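**Q** Below are the structure tokens for one structure; questions will follow.
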Amino acid sequence: MPATATYRIGPSDFFTPGDLSADADTLNGQVEELDSQLDDGEPSPEFVDQWTHFETAWRAFYSDHFGGFFSSLFTAFNDANRDDLIRYENQFADFQRSAKAFGAELVAPVGPSSGSGDTIGRQLEAQGLPSTTTLVVLAAAVVAVLIAWKATT
């Protein structure tokens, strides 16, 4: 039996795009495991319909956001992606509980993460660094000063 899988990041942890991708990989492995367990059980048609819908949505999200280095990098900068991953973790946990009634043996189940709003940008702000909005305003001010200076020379 494999060791119990764990998600790497929580609501206040520093994380890298690789950590977020690793959490998605962990969930994906759990989805594959439960899917194979359901093939051996006798779930209700309603459960199968809901599971198929969830699995299709999860696979699309996973491939769109964690298909490579750059997609994982950009995914970590968008708060909504982290929140969506947590939403998928919670939905999957519900499916795990329901699947037990159909005889699924849950191998190393993982509890869902918690928290939201913990992207790299927010973590940098928490360290006292300027916010993205402040940096954009400063950059615009520098450009305006350069344009004005260039117009006078």
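The values are calculated or read from the model by the stated rules, or taken from the named source; none is laboratory data. Here the structure is a predicted model, which means the values were calculated and not measured. A quick note on method: Cβ atoms are made from the backbone with ideal geometry, for glycine too, and the neighbour counts reach across all protein chains shown. Please note that ligands, DNA and RNA were not included when accessible areas were found on the heavy atoms of the full protein model with its side chains. Shrake-Rupley method; radii C 1.70, N 1.55, O 1.52, S 1.80 Å.
**Q** Identify the residue in segment 66-77 that is polar (S, T, N, Q) and crowded, with 17+ Cβ neighbours inside 10 Å and, among all such residues, is nearest to residue 21 (Cα to Cα).
**A** 72
**Q** Right, something else. Those residues that are modelled with pLDDT under 85 and β-branched (Val, Ile, Thr), I need them from segment 1-36; list them, please.
**A** Correct list: 4, 6, 9, 16.
**Q** Being in contact (Cβ under 8 Å) with a residue 12 or more places away in the chain and among the aliphatic types (A, V, I, L, M) is the filter here; which residues of segment 64-84 pass it?
**A** 73, 76 - these are the residues of segment 64-84 that are in contact (Cβ under 8 Å) with a residue 12 or more places away in the chain and among the aliphatic types (A, V, I, L, M).
**Q** Does segment 52-105 hold any residues that are of a type in the set (S, T, N, Q) and over 14 Å from residue 38 (Cβ atoms), and which are they? Don't jump to the end; show me each part of the working.
**A** Residues of segment 52-105 of a type in the set (S, T, N, Q): 52, 56, 63, 71-72, 75, 78, 81, 90-91, 96, 98.
Passing the criteria: 56, 63, 71, 72, 75, 78, 81, 90, 91.
**Q** While we're looking at this one, here's another question. Only one residue in 87, 122 is modelled with pLDDT of 75 or more, in a helix (DSSP H, G or I) and surrounded by 12 or more Cβ atoms within 10 Å (Cβ to Cβ), so which one is that?
**A** Exactly one of 87, 122 is modelled with pLDDT of 75 or more, in a helix (DSSP H, G or I) and surrounded by 12 or more Cβ atoms within 10 Å (Cβ to Cβ), namely 87.
**Q** What's the number of the only condition in (1) open to solvent by 80 Å² or more (accessible area, probe 1.4 Å); (2) at pLDDT 85 or above that residue 63 fails to meet?
**A** (1)
**Q** If the requirement is being touching a Ser or Thr at 6+ places or on another chain (Cβ under 7 Å), open to solvent by less than 30 Å² (accessible area, probe 1.4 Å) and either assigned to a helix (DSSP H, G or I) or modelled with pLDDT under 70 (or both), which of these qualifies: 108, 93?
**A** Result of the check over 108, 93: 108.
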